[in-house]
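To start, the structure itself, in structure tokens.
The values are calculated or read from the model by the stated rules, or taken from the named source; none is laboratory data. Quantities reported herein were computed from a predicted structural model and do not represent experimental measurements. Cβ: placed from backbone, ideal geometry, glycine included. Neighbour counts: every protein chain shown. The area values use the complete protein model at the heavy-atom level, side chains included, leaving out ligands, DNA and RNA. Shrake-Rupley method; radii C 1.70, N 1.55, O 1.52, S 1.80 Å.
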Amino acid sequence: MDDICFAVKDDDGFYWCGLNKWNKQLRKAQLFHSWKWAVEARDTKCGVRSTRIVKVRITDVHGK
């Protein structure tokens, strides 16, 4: 089972974590289920950094 969401990433490889924080680790990124919310966060909260929205796929892996 896969889940698709979006994250804001800057040109240096840092992900938006919320509360004006950035981190290189995807696990700390703020994830959005809506493209609209990701765009709104990028446009209003990310300041002057050059950013883009990336698609993130979350996969449930079962060990057998």
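Here is how the numbers come out for the structure above:
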| read-out | value |
| --- | --- |
| Förster radius 25 Å - calculated FRET efficiency between Glu40 and Cys17 (Cβ-Cβ, nearest 0.05) | 0.95 |
| Degrees between helix 35-45 axis and first principal axis of the chain (Cα, 0 to 90, nearest 10) | 40 |
| Residues of type lysines that Lys9 reaches as a straight line, Cα spacing below 30 Å, ignoring anything fewer than 8 places off in the same chain | Lys21, Lys24, Lys28, Lys36, Lys45, Lys55 |
| Whole-number accessible area per residue in Å² for the chain, which is evaluated in the context of all protein chains at 1.4 Å | 76 |
| Highest-first arrangement of 52-60, 23-31, where packing means the average Cβ count within 10 Å | 23-31, 52-60 |
| From the C-alpha gyration tensor of the chain, square roots of 5λ in Å | 23, 13, 9 |
